[in-house]
Amino acid sequence: MNATGFEPAPDQDTDPASAPGRIVLLTTSHRVAPGLLSWPAWQALHEADRVLCADGAHPQLPYLREAGIPVDETAPTAEELVRACAGGYTVVVVATGEGEPALTDGLARLAGSGRVQMPALELLPASYDLPGARLLDLVQVMDRIRAECPWSSQQTHEGLAKYGIEEAYELVEAIEEGDRDELREELGDVLLQVVFHSRIAEEDPDAPFSVDDVAGGIVAKLIHRHPHVFGDETASTPEEVKAHWLRTKAIEKQRTSVTEGIPLGQPGLALAAKLASRVRTAGLDVPLPKTEGIGYELLALATRAEAEGVDPEAALRAAARVYRDAIREVEGSGG
């Protein structure tokens, strides 16, 4: 046995002229439950002459051994692995989380040298990440940060509220600026707020809930409010979809006023437009107050914008950016 703890099987033919054999690099996702491997992966494992794994704590090992597959816990060099395959043998390497870069780099150097008869090399993904799988990483990272970070471990819903508002505005700014990199980053920051609050909520002594409860709730809501997708209803236009949404939402909420559920703490123009939207959608005839003053003039403008399909907050921000650029131009000219 050499320094790596690996030695070829004693009955292998190591004659350089013999068949070079086959190396199968088996990769798995830690985001999929251990033991849930593809059928080709199980076939390769059962048919292999040897199965190797450098990580004795690899989560797949107990399941492989339970299936009757012996695994050698060893980390051979590229040269040793090639020799182990000589004679037509198949060796499966169960890759660690890093994907065995040192081993694959060594195999590439051997192949490039032209001095070694190389075995066939196959990369076999045994399990795959489904869309959204990286969210599991975020949940795990947040769990550890909550437990070990002196700042994060002390945070409350109330203390984080201002950050939620800030991140939402930064997301809107990224959208309006059309910066794709910023958009991706700001979406991540908003997502962090959701996961952070959900992690805090798990610790509530009276009404705890988790990120799974949050996700389950929105999934149920989306399915219920899209009967044209998940049920027997039909909708061929955005207007029909909105009608479905409003009808099911009204049944869910059982509100006594169209103003219920409108957060009064939102920016004034957005608040005015939301109230106007609820009035218009409900078919109510509610005249604007006749009181004079800038506030009522802004209310009338916000109501008019909503009726014309314009977001008054977005429109004002766009105008403010033009004004900002004009200010900078004057500053630059020394005027």
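The values are calculated or read from the model by the stated rules, or taken from the named source; none is laboratory data. Bear in mind the structure is a predicted one, so any value in this text is a computation, not a measurement. We place every Cβ from the backbone using ideal geometry, glycine too, and count neighbours over all the protein chains shown. Remember, those area values only see protein heavy atoms, side chains included, never the ligands or the DNA or RNA. Shrake-Rupley method; radii C 1.70, N 1.55, O 1.52, S 1.80 Å.
Within region 174-197, the residues that satisfy the criterion of being of a type in the set (A, V, I, L, M, F, W, C) and either closer than 13 Å to Leu138 by Cβ or touching a strand residue (DSSP E or B) at 6+ places or on another chain (Cβ under 9 Å) (or both) are Leu187, Val190, Leu191, Leu192, Val194, Val195, Phe196. Please verify whether region 138-159 includes one or more residues that are open to solvent by 80 Å² or more (accessible area, probe 1.4 Å) and either touching a His at 6+ places or on another chain (Cβ under 9 Å) or in contact (Cβ under 8 Å) with a residue 60 or more places away in the chain (or both). No, region 138-159 contains no residue that is open to solvent by 80 Å² or more (accessible area, probe 1.4 Å) and either touching a His at 6+ places or on another chain (Cβ under 9 Å) or in contact (Cβ under 8 Å) with a residue 60 or more places away in the chain (or both).
Going by the conditions given, is Ile145 more than 27 Å from Leu264 (Cα to Cα), at pLDDT 95 or above, in contact with a helix residue (DSSP H, G or I) (Cβ under 6 Å, 6 or more places away or on another chain) and not polar (S, T, N, Q)? Against the criterion (more than 27 Å from Leu264 (Cα to Cα), at pLDDT 95 or above, in contact with a helix residue (DSSP H, G or I) (Cβ under 6 Å, 6 or more places away or on another chain) and not polar (S, T, N, Q)), Ile145 qualifies. Look at region 288-301: where a residue is within 17 Å of Glu313 (Cβ to Cβ), no partner that is open to solvent by 70 Å² or more (accessible area, probe 1.4 Å) and at pLDDT below 90 sits 6+ places away or on another chain with Cβ atoms under 7 Å. Can you say whether Val194 is within 26 Å of Leu264 (Cα to Cα) and either at pLDDT 95 or above or among the β-branched types (Val, Ile, Thr) (or both), as far as the supplied structure shows? Criteria met by Val194.
Does region 92-112 hold any residues that are open to solvent by 40 Å² or more (accessible area, probe 1.4 Å) and either of a type outside the set (Lys, Arg) or touching a Gly at 6+ places or on another chain (Cβ under 9 Å) (or both), and which are they? Correct list: Gly97, Glu98, Pro101, Ala102, Thr104, Asp105, Ala108, Ala111, Gly112.
The residues on offer are Thr74, Thr96, Thr90, and the sole one that is under 29 Å from the mean Cα position of the chain (by Cα) and hydroxyl-bearing (Ser, Thr, Tyr) is Thr96.
Screening region 1-98 for helices (runs of 4 or more DSSP H) wholly inside it with 3 or more residues that are more than 21 Å from Met118 (Cα to Cα) and at pLDDT 90 or above returns the ranges 39-47, 61-66. Anything in region 233-247 that is in a loop (DSSP other than H, G, I, E, B) and either touching a residue at least 24 places away in the same chain (Cβ under 8 Å) or within 17 Å of Arg280 (Cβ to Cβ) (or both)? List them, or say none. Once the filter is applied, which keeps residues that are in a loop (DSSP other than H, G, I, E, B) and either touching a residue at least 24 places away in the same chain (Cβ under 8 Å) or within 17 Å of Arg280 (Cβ to Cβ) (or both), region 233-247 yields nothing.
When region 113-145 is examined, which residues are found to be farther than 19 Å from Val94 by Cα, more than 19 Å from the chain's Cα centre (by Cα) and not in a loop (DSSP other than H, G, I, E, B)? Correct list: Ser113 only.
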